[in-house]
1. In the range 135-161, what count of residues is obtained for those that are over 23 Å from residue 116 (Cβ atoms) and either aromatic (Phe, Trp, Tyr) or without any contact (Cβ under 8 Å) to a residue 12 or more places away in the chain (or both)?
2. Filter the range 152-166 down to the residues that are part of a strand (DSSP E or B) and more than 14 Å from residue 183 (Cβ to Cβ) and list them by number.
3. Only one of these is assigned to a helix (DSSP H, G or I) and not aromatic (Phe, Trp, Tyr): 33, 45. Name it.
4. Can you pull out the residues in the range 86-138 that are in a strand (DSSP E or B), β-branched (Val, Ile, Thr), exposed (fewer than 15 other Cβ atoms within 10 Å of the Cβ) and within 23 Å of the chain's Cα centre (by Cα)?
5. I'm checking my understanding of the structure. Among residues of the range 152-164 that are out of contact with any helix residue (DSSP H, G or I) (no Cβ under 8 Å at 6 or more places or on another chain) and crowded, with 16+ Cβ neighbours inside 10 Å, which one is farthest from residue 63 (Cα to Cα)?
6. Filtering the range 176-200 down to residues that are closer than 14 Å to residue 61 by Cβ and free of Cβ contacts under 8 Å to residues at least 40 places away in the same chain, which residue is surrounded by the fewest Cβ atoms within 10 Å (Cβ to Cβ)?
7. If I ask for residues that are of a type in the set (Asp, Glu) and either under 17 Å from residue 174 (Cβ atoms) or assigned to a helix (DSSP H, G or I) (or both), which ones from the range 65-85 would you list?
8. Regarding residue 169, is this residue buried (at least 16 other Cβ atoms within 10 Å of the Cβ) and in a helix (DSSP H, G or I)?
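The values are calculated or read from the model by the stated rules, or taken from the named source; none is laboratory data. Computed from a predicted model, the values in this text were never measured in an experiment. Positions of Cβ are backbone-derived with ideal geometry, glycine not excepted, and every protein chain shown enters the neighbour counts.
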Amino acid sequence: MPRPLLAACCAAALLAAPAAVAQAQSAPKPAVTTPNPMKDAAERTRSALQLAPAARPEDVRSIDSLIGALYDVISGPAGQARDWTRFRSLFHPGAQMIPIRRPKDGKGAAATPFTPDDYATSAAVAFDKRGFFEKETRREVSGYGDMVQVLSAYETREVASGPVMATGVNSLQLVFDGQRWWILNIAWTDDKAAGVPVPKVFTRK
């Protein structure tokens, strides 16, 4: 390239460089999205609610009917298929079921959370081989606003009129969404895991 032409090109480049830098500096910066875990969780819950199985209206209209449906749907003779769709319809998305067991050394307690789906899968196998009947014997309810805590004493049998296999307490957290009641979580323990009989009053000694 002739030297005069090369010099002209270099001069043009030098003149254009400041303008390009100024334009780049004045260009709007891309917006930075701040993570919002609470908003994301709310979106996931809304989506999950749309996919949740429809409950029987009579099952979820009151605390009594919700707890009655829970005991009813898991109870039955060996080999009788349970209505697991009805069972799942009682639980709010994200609900957990938490058995509380005492370890072999007898010290403290171990909590093992799992989902209603996990329970249905496991219990379907167990109930195919043996009967299981769970009956509420008494209840203590407390709450504030639309959230309620229920301590529900129970006894279990393999045959509806047979001897009691175990007694225990279900601790249920419930919520009313303005239309129906939901089970948020259930934790439970029995006389064998706790090492003491179920008391007549639930206050921890």
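1. So the count comes out to 4.
2. Answer for the range 152-166, where residues must be part of a strand (DSSP E or B) and more than 14 Å from residue 183 (Cβ to Cβ): 153, 154, 155, 156, 157, 166.
3. Numbers: 33 fails: assigned to a helix (DSSP H, G or I).
Answer to the check: 45.
4. Initially, the range 86-138 is screened for residues in a strand (DSSP E or B), giving 91-101, 110-111, 114, 132-138.
Remaining after also requiring β-branched (Val, Ile, Thr): 98, 100, 137.
With exposed (fewer than 15 other Cβ atoms within 10 Å of the Cβ) added as a condition, the list becomes 98, 137.
98 - this is the single residue of the range 86-138 that is in a strand (DSSP E or B), β-branched (Val, Ile, Thr), exposed (fewer than 15 other Cβ atoms within 10 Å of the Cβ) and within 23 Å of the chain's Cα centre (by Cα).
5. Pass one, the range 152-164, residues out of contact with any helix residue (DSSP H, G or I) (no Cβ under 8 Å at 6 or more places or on another chain): 153, 155-164.
Of the ones still in play, those that are also crowded, with 16+ Cβ neighbours inside 10 Å are 153, 155-157.
Numbers: 153: 15, 155: 19, 156: 21, 157: 24 Å.
Taking the candidates together, the pick is 157.
6. So the residue we want is 178.
7. Residues of the range 65-85 that are of a type in the set (Asp, Glu), as a first pass: 72, 83.
Listed by number, the list holds a single entry, 72.
8. Numbers: buried (at least 16 other Cβ atoms within 10 Å of the Cβ): yes; in a helix (DSSP H, G or I): no.
When the stated conditions are applied, residue 169 does not pass them.
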